[in-house]
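The values are calculated or read from the model by the stated rules, or taken from the named source; none is laboratory data. Because the structure is a prediction, the values reported are computed rather than measured. In this analysis, Cβ positions are derived from the backbone assuming ideal geometry, glycine residues included, and neighbour counts consider all displayed protein chains. Areas reflect the complete protein model, heavy atoms only, side chains present, ligands, DNA and RNA absent. Shrake-Rupley method; radii C 1.70, N 1.55, O 1.52, S 1.80 Å.
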Amino acid sequence: MEAASKLDVESIRADFPILRRMIGDKPLAYLDSAATSQKPVQVVEAMRRFTDHSNANISRSVHTLGSEATEAYEGARAKVAAFIGAPSPDEVVFTKNSTEAINLLAYAFQNAAFDPSADPRFKLGPGDEIVVTEMEHHANLIPWQQLALRTGATLKWIGVTDHGRLDLGCVPEVITERCKVVSFTAVSNLLGTVNPTSQITARAREVGALVGLDASQSVPHIPVDVTELGVDFIAFTGHKMLGPTGIGVLWAKADLLDAMPPFLTGGSMIKTVTMEKTVFAPAPAKFEAGTPPIAEAVGLAAAVDYLDKLGMENVRNHEKELAGYMLEQLETVDGLEVVGPRVPIGRSATVSFTFEGVHPHDVGQVLDAEGIAVRVGHHCAKPVCDRFGVNATTRASGYVYNTREEIDRLVEALGQVRKVFG
Amino acid sequence: MNLDELYQEVILDHYKHPRGAGLREPFEGESHQVNPTCGDEITLRVHVEGDKVADVSYENVGCSISKASASVLYELVNGSTVDDALARLAEFTELMNSKGQAEGDEETLEDAVAFAGVSKYPMRVKCALLGWMAFKDALVRASTPGRTEA
């Protein structure tokens with residue numbers, strides 16, 4: 001194995017009380033972090049401390065708690081910005097999750113359609129094109145599908161090869177001069193493919209389209225620097241990166257956020273209001289109507305601290321090793337077929353597979369009886385299931401706290417599946 | 001977690017050797033049902049003659065629980081009166097919603113009592129009910145002429 005993992009997995013595991021849980025009489029082997037990660041005590045503790053000590057609404061309170069809460073919330077924004085290499089914290093918009101972040105963006109286009117003075121970059125209509133890929137999570141497909149339906153624009157996509165990679169050869173045909181926006185996944189949540197981005201971003205630039213990433217499966221697992229990536233926007237979520245549920249992030253370049261009409265409107269997003277008319281606050285406040293998830297932002301900041309301490313390079317190397325081991329071991333199981341790239345290059349530690357003659361639901365059930373938590377179904381990526389002619393898959397996904405022993409247990413338990421359904 | 005309780009011999013047998021599978025004609029009602037959480041699907045047809053369920057035919061993809069349940073459904077309702085079939089539907093639905101508290105009446109439910117264990121697994125109850133939902137829907141469609149597609 002190349003690049004030995006620098007993570008001290010044993011001490012990491014000690015920070016996650018849930019990993020000591022028993023499922024029946026079997027210790028839990030949690031291999032479902034692509035769905036949601038577990039949270040270390042540091043995150044839970046930070047949220048508890050905030051709630052017990054500083055809880056208040058943010059922004060306008062002059063009392064001590066109010067200013068502590070505002071500081072904590074804005075501090076979290078700055079921390080997240082630094083984590084992804086954003087030039088300014090003001091480019092970080094807190095949302096509920098990735099889904100809301102992508103909807104916020106799609107609705108900027110939709111709302112621009114009703115505004116004669118809207119920035120032309122957000123003007124969409126018949127003849128214009130939106131580009132995604134065939135390996136999107138529904139979160140980065142359906143908002144664009146709906147946008148196309150409502151504006152008359154055309155939705156196009158970059159296909160997937162038999163090996164589970166993007167068919168980059170067709171990029172020049174798919175992304176044409178008519179394209180206004182390209183939104184694609186950085187890492188597939190089903191196939192585990194880590195997509196090379198430069199060719200697509202370069203082509204988008206060439207045709208003058210906006211381009212961004214669904215980074216839900218990349219920010220938690222690999223170093224991400226938005227400036228280096230050269231994209232216009234990324235979306236990701238807190239709960240897949242050791243943070244709490246209920247908070248996600250849209251990062252977008254400042255001049256785009258300025259040009260975008262707001263998605264949700266209401267309290268906290270205004271500069272001046274009369275009965276007739278409202279002037280919006282500048283971003284990011286413009287996109288954060290209502291009381292935001294404050295304790296969750298504090299939790300997310302603690303998660304970022306935790307990942308920073310581990311070092312994202314080390315996280316990447318650990319998972320690369322896990323991916324290699326998982327692929328190697330799973331390939332030894334009779335009747336098992338990996339759906340997605342079969343080599344640990346350009347690949348995350350998320351491995352989907354089918355098991356001859358046994359439905360994923362049944363695989364998952366038997367694995368659960370062995371204490372092993374995997375995900376089964378279409379993983380909110382139905383088109384990619386169709387692409388590979390499967391109804392559903394079983395998916396094992398690793399993170400910072402997973403060990404080779406857990407993968408050994410998975411492989412052994414698959415033998416048990418064979419016994420029940422053989 | 002006791003797997004034997006969930007995957008009873010009877011269930012595995014129906015799964016491996018489904019009774020009455022395949023789509024047949026004639027039929028008056030057809031229903032297509034999908035379980036969006038796992039992608040299981042069934043297309044089920046009913047042929048009604050007078051007050052009798054003259055045939056139930058189906059095609060499905062899915063897990064052992066959903067496939068075995070459709071097979072058991074076929075055995076129970078095929079050739080019975082519509083009223084009896086609806087009574088079995090009600091009984092089976094009740095058993096599935098019992099959260100492991102009911103055993104089911106073997107006199108009336110026959111092989112379907114093997115699904116009693118499934119009712120303890122909330123994530124799998126939908127699998128067990130998929131075929132039955134299709135049957136219920138197809139029966140309604142059979143009595144509403146002109147509506148055969150899902």
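Annotation note: of A:SER216, A:SER188, A:SER183, the sole residue that is assigned by TED's automatic domain parsing to the domain that holds A:VAL92, within 19 Å of the chain's Cα centre (by Cα) and either within 30 Å of A:PRO17 (Cβ to Cβ) or modelled with pLDDT under 95 (or both) is A:SER216.
Restricting attention to the range B:58-92, the residues that are assigned to a loop (DSSP other than H, G, I, E, B), free of Cβ contacts under 8 Å to residues at least 40 places away in the same chain and open to solvent by 30 Å² or more (accessible area, probe 1.4 Å) total 1. Applying the criterion of being open to solvent by 30 Å² or more (accessible area, probe 1.4 Å) and part of a strand (DSSP E or B) to the residues of the range A:353-379, the residue that is farthest from the other protein chains (Cβ to nearest Cβ) is A:THR354. Considering the range A:392-405, the residues that are surrounded by 24 or more Cβ atoms within 10 Å (Cβ to Cβ) and more than 13 Å from chain B (Cβ to nearest Cβ) include one that is farthest from A:GLU321 (Cα to Cα), namely A:ALA396.
Looking at the structure I just gave you, is A:ALA349 in contact (Cβ under 8 Å) with a residue 40 or more places away in the chain and within 14 Å of chain B (Cβ to nearest Cβ)? It is false that A:ALA349 is in contact (Cβ under 8 Å) with a residue 40 or more places away in the chain and within 14 Å of chain B (Cβ to nearest Cβ). Could you check, for the range A:85-107, whether at least one of its residues is open to solvent by 10 Å² or more (accessible area, probe 1.4 Å), in the same structural domain as A:SER218 (by TED's automatic domain parsing), modelled with pLDDT under 95 and in a loop (DSSP other than H, G, I, E, B)? No, the range A:85-107 has no match at all. In the range A:144-170, the residue that is most open to solvent (accessible area, probe 1.4 Å) out of those that are in contact with a Phe, Trp or Tyr (Cβ under 8 Å, 6 or more places away or on another chain) and more than 26 Å from A:PRO341 (Cβ to Cβ) is A:THR151. Per the conditions (1) open to solvent by 20 Å² or more (accessible area, probe 1.4 Å); (2) in contact with a helix residue (DSSP H, G or I) (Cβ under 9 Å, 6 or more places away or on another chain); (3) within 13 Å of chain B (Cβ to nearest Cβ); (4) not acidic (Asp, Glu), the sole criterion not satisfied by A:GLY389 is (2).
Checked against (1) away from every other protein chain (no Cβ under 14 Å); (2) without any contact (Cβ under 8 Å) to a residue 60 or more places away in the chain, A:GLN416 passes all but condition (1). Of all residues in the range A:274-289, those that are open to solvent by less than 60 Å² (accessible area, probe 1.4 Å) have Cβ atoms under 6 Å from Cβ atoms of residues that are among the charged types (D, E, K, R), 6 or more apart or on another chain, in A:VAL279/A:LYS271; A:ALA281/A:LYS271; A:PRO284/A:ASP90. Might you let me know whether the range A:110-118 holds any residue that is open to solvent by less than 20 Å² (accessible area, probe 1.4 Å), among the aromatic types (Phe, Trp, Tyr), not in a helix (DSSP H, G or I) and not assigned by TED's automatic domain parsing to the domain that holds A:GLU321? There is no residue in the range A:110-118 that is open to solvent by less than 20 Å² (accessible area, probe 1.4 Å), among the aromatic types (Phe, Trp, Tyr), not in a helix (DSSP H, G or I) and not assigned by TED's automatic domain parsing to the domain that holds A:GLU321. Scoring B:SER69 on the criteria (1) within 14 Å of chain A (Cβ to nearest Cβ); (2) over 10 Å from the mean Cα position of the chain (by Cα) leaves a single failure, condition (2). Of all residues in the range B:93-124, those satisfying the criterion of being within 14 Å of another protein chain (Cβ to nearest Cβ) and open to solvent by 20 Å² or more (accessible area, probe 1.4 Å) are B:LYS120, B:TYR121, B:PRO122, B:MET123. For the criterion of being of a type in the set (Lys, Arg), farther than 26 Å from A:GLN38 by Cβ and either out of contact with any Phe, Trp or Tyr (no Cβ under 8 Å at 6 or more places or on another chain) or open to solvent by 10 Å² or more (accessible area, probe 1.4 Å) (or both), A:ARG347 fails. Annotation: of all residues in the range B:54-67 being modelled with pLDDT of 95 or more and among the aliphatic types (A, V, I, L, M), the one that is farthest from B:GLN33 (Cα to Cα) is B:ALA54. Reported count of residues in the range B:1-50, each being open to solvent by less than 50 Å² (accessible area, probe 1.4 Å), without any contact (Cβ under 8 Å) to a residue 60 or more places away in the chain, within 14 Å of chain A (Cβ to nearest Cβ) and in a loop (DSSP other than H, G, I, E, B), is 2.
Of all residues in the range A:196-214, exactly one satisfies the criterion of being open to solvent by less than 10 Å² (accessible area, probe 1.4 Å) and assigned to a loop (DSSP other than H, G, I, E, B), namely A:ALA209.
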